[in-house]
Every structure is written in structure tokens, then in C-alpha cells.
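First comes the structure, then the notes that go with it.
The values are calculated or read from the model by the stated rules, or taken from the named source; none is laboratory data. Being a predicted model, the structure only gives us computed values, none of them experimental. All Cβ positions, even for glycine, are placed from backbone atoms using ideal geometry, and neighbour counts span all protein chains on display. We work out accessible area using only protein heavy atoms, side chains counted, and drop any ligands, DNA or RNA first. Shrake-Rupley method; radii C 1.70, N 1.55, O 1.52, S 1.80 Å.
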Amino acid sequence: MKHKITFIPGDGVGPELSDAAKRCIEATGVDIEWEVFDAGIGVMEKYGTPLPENVLASIRKNKVAIKGPITTPVGTGIRSVNVELRKALELYACLRPCKSYKGVRSRYDKVDIVIVRENTEDLYAGVEFEQNTPDCKKVIDNINSLSKKRIREDSAISIKPISKSGSERIVKFAFEYAVKNGRNKVTCVHKANIMKATDGLFLATAREVAAKYEGKIEFEDRIVDNICMQLVQRPEEYDVLVLPNLYGDIISDLCAGLVGGLGLAPGANIGDNAAVFEATHGSAPKYKGMNKVNPTAMILSGVLMLRHIGENDAAARLENAVKKVIAEGKHVTYDLKAERTDPTAVGTRQMADAIIKAL
Ligand code: NAD
């Protein structure tokens, strides 16, 4: 069966990494017709927006996309294309598996954690009020009249909405993922001891959902600061983590560090009507065009995509080829060598070639 998939190369190191992933995916023999679209600061002049409607329309139609990282310039008014994409398509679940592969130099060798991050609300909702603006003043006045706690007049405000329905669907997603993928435990991560309203609702909802899986999937909860320490000390004790947006973002990078770095951490943003596959890392602009960074995270995002479209055999073959190349440690990028300056490190393209050869 032919699959139609939207392909967004991204910017910074995005184009070289997504090209490597595309070549590896194609080499599995799966029949794919790509619809290529650009997004980000580079298309601003042409379309007046970094996320043109034709990109969204293509993903809505094909229901599946793979994208390279896209830069969010600091200090301009442009909101993150990555965040906007997730919001526009209601891609409420961010799935980030972090698994130890043999041959990767890391302090740990038995990590197999799947992060399920809520993708649409929390402090990422983008509801913000800049300091000294009339709207910000109105918000502060309102809050000060409603709450016994006082907000300083010279504050800026970012709103943290967490809904019952949003919490319910993400926790349900985590449990369903656990059931379908033979996992044993879901851990809810929160700060409900301090943010009793928002994180309290997230935790209470998680407990309600967990009750429906009693006897099938174990459930526990951890306070976010505590789990940071525990993940560093005993990561092998964790299985599936479900978290609100901001904690999910931070813990994703922590877990990527446990398994050898951002170059190895794939991801998927999944909703009821579409899914966008992308690495956890960003566009690493300082390495742009250097054929240097590790394509593994992007290729493993392709593995997740192949599984999502039901091409399980191709997914398994591609993951095994990645494992083999990493375990051999010969045709790998600088970040997988013992010394980062190792002259035997290969480039992005050459590592992808070795993976294709190992298929
Ligand atoms: P980054 O992930 O781009 O890079 C941080 C560092 O991690 C790099 O300097 C590099 O040392 C290492 N790294 C990242 N990817 C690697 C790879 N494939 N192989 C080897 N090493 C790798 O994070 P940043 O510098 O904070 O962000 C750069 C830009 O990317 C920002 O504009 C940010 O907004 C954007 N970003 C985009 C996404 C996305 O597209 N989903 C995600 C995160 C950040």
C-alpha cells in the first residue's frame, strides 16, 4: 500500500537530518509518496506566517508528517512553529521513548523510559501578558481583587491552564500506550503539593483514569523535583511517565541525557486525527550545513512513524540497523565517539549510509 506523508525538512541542521531519515525510511522498501513543505522563518516573507495554511492542509489530509527541527528566533514576536503546529492539529500527546542502545557511551545501560508529555496546555498555552501593558495591569488588578495573595504591579504574567478533559485524554493515552506496548507501569509526574489547583487536577484525574486499568497496569505518582533525582539515581525503575507540558519538556531532555544525548532521542506528536514525527532536539544552528550531527534521533522518529502507519516489519528492520551501526561504533558521528574530537567520526550522511547498508 502506498502511503502519502507530509515531509517538512526544517531549518538549521533540519534539512540534512531529515534527508538522512528520508533515505533510511525509503531504503526499507516501504512505498511512500512525500509531500514536501517548508515552514519556519524562511517562509515568512513569502507567506506572511512561519506556518502557512498549505502545510497544515497537507498534514490534515495525509494524517501523517515527519519534520526536521525548526528554529524559534529569540527576541522576535514569532511564536514557535513547533508549538503552533501541535496546537493547530490538536496533537495533544508527545511521545518520547528513551532507550539505552548497546555501544552508546552513557552512565546507564538499562534505561527504557517512555515519556508521554501533554502538548497543548500548561505554561505552553501562550497566554501571556507583558509587563507594563494595559492588559497586564487589568489581569493583575483582577487577580488581586479575586485572590488574597498579591501580585506585584511590575509583574509579567504567564497563565498555566490545565483542564480536566486535557488531563484525562493524555493520561488515557499513556495507559493505552502501556497496554498496547506491553509496558507495566505509568508514573504521573506533578507538583500538586504546591500547584494544588492545576497540578492537583492533573493528579486527581490521573488517579481516576488509573483506576480503570487496575490489575492491568501499575500506577504511581512522583513530585517533579523528586523524580529528577530518582531518574538520575535509578532510571531503570521507571517505565511510562505521563506529565504536563513544561515538566514533560524538561524531563525529556533529562532522559535523553540518560541514554546518551539529544542525538539519540526520537519523538512523535500524536492527536486523534494526525501525527507529526520529529526528534526531541532542536535545529542546533551552530552545526548547520556541516554534515556533522547525529541523524539517529530523526531516523528513530522515522521508526516510530513506520510503526504508526502499520509498517511494523520495516520499523523493526530499521531500528535493528540503527542498533547495529551504533553497537559497532565505527560509522558514527562525533557525539557517539569516546572523544568528541575523534578524527574517525563520520558525518551525518555517512552514518545514514552505514545504516542503509546494515538494513
Ligand atoms: P538544540 O537541541 O538545537 O541543540 C542543543 C545542543 O544539543 C547542540 O548544540 C548540540 O550540541 C546538541 N545536539 C542537538 N541535536 C543533536 C544531534 N542531532 N546530534 C548531536 N548533537 C546534537 O537546542 P537549542 O540550541 O536550545 O535550540 C536551537 C533552536 O532549535 C532554537 O531555535 C529552538 O527554539 C529550536 N528547537 C526546535 C525544536 C523543534 O523543532 N521541535 C525543539 C527544540 C528546540
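Below, the figures for the structure above:
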| quantity | calculated |
| --- | --- |
| DSSP beta bridge pairing in the chain, given as percent antiparallel to the nearest 5 | 40 percent |
| Stretch gain in nm, segment Asp313-Ala88, where the contour uses 0.36 nm per residue and the Cα spacing is subtracted | 77.8 nm |
| Whole-angstrom gap from the stretch 296-359 to the stretch 168-243, using each part's C-alpha centre | 31 Å |
| Sum of side-chain charges, Arg23 neighbourhood, beta-carbon under 9 Å (Lys, Arg +1; Asp, Glu -1) | -1 |
| Accessible area in square angstrom per residue, the chain, 1.4 angstrom probe | 47 Å² |
| Order by protection proxy (mean Cβ within 10 Å, highest first), peptides 117-124, 2-9, 158-165, 186-193 | 117-124, 186-193, 2-9, 158-165 |
| Mean Cα-pair separation over length for the stretch 95-154, i.e. relative contact order, pairs under 8 Å, 6 or more apart, % | 23 percent |
| Those residues of the stretch 8-23 whose amide nitrogen sits under 19 Å from the label point placed on Lys288, 7 Å along Cα→Cβ | 8-20 |
| Table column - 3J(HN,Hα) (Hz), the stretch 272-279, Karplus curve with 6.51, -1.76, 1.60, x for Gly and Pro | 6, 10, 7, 9, 10, 9, 7, 5 |
| Only Lys, Arg (+1) and Asp, Glu (-1) charged, at Cβ; the stretch 1-154 dipole about Cα centre in debye | 640 debye |
| Segments 96-108, 295-307 sorted - mean Cβ within 10 Å per residue, highest first | 295-307, 96-108 |
| Placed amide H near Asp11: partners under 5 Å, 5+ positions off or other chain | Ile70, Thr71 |
| Only Lys, Arg (+1) and Asp, Glu (-1) charged, at Cβ; the chain dipole about Cα centre in debye | 400 debye |
| Placed amide H near Lys4: partners under 5 Å, 5+ positions off or other chain | Glu33 |
| For the stretch 42-49, 3J(HN,Hα) per residue [Karplus equation, 6.51 cos²θ - 1.76 cosθ + 1.60, θ = phi - 60°, Hz, x = Gly/Pro] | x, 9, 3, 5, 6, 10, x, 8 |
| Dipole-positive endmost among Leu318, His331, Ala265 within the stretch 252-332 (Cβ charges, Cα centre) | His331 |
| Distance between the stretch 30-53 and the stretch 272-286 - C-alpha centres, whole angstrom | 14 Å |
| Whole-Hz couplings from phi, Karplus 6.51/-1.76/1.60, listed for the stretch 129-146; x for Gly and Pro | 10, 6, 4, 6, 9, x, 5, 5, 4, 4, 4, 5, 4, 4, 5, 5, 7, 9 |
| Ranked by how many other beta carbons lie within 10 Å on average, peptides 311-320, 205-214 from highest | 311-320, 205-214 |
| Cross-link reach list, aspartates and glutamates versus Lys110, counting only Cα pairs under 14 Å and skipping chain neighbours closer than eight places | Glu236, Glu237, Asp239 |
| Cα gyration tensor shape for the stretch 122-161, rounded if a/c is under 1.5, else prolate or oblate | oblate |
| Angle between the chain longest axis and helix 312-328 axis [Cα atoms, degrees, rounded to 10] | 80 degrees |
| Degrees between helix 164-180 axis and first principal axis of the chain (Cα, 0 to 90, nearest 10) | 30 degrees |
| Estimated [θ] at 222 nm from DSSP helical runs (n ≥ 4, -39500 (n - 2.57)) normalised by residues in the chain, nearest 500 | -12500 deg cm²/dmol |
| Acute angle (nearest 10 degrees) that the helix 198-211 long axis makes with the longest principal axis of the chain, alpha-carbon atoms | 60 degrees |
| Cysteines not pairable in the chain (beta carbon separation under 4.7 Å absent) | Cys24, Cys94, Cys136, Cys188, Cys228 |
| Whole-percent carbon and sulfur share, accessible surface of the chain, 1.4 Å | 52 percent |
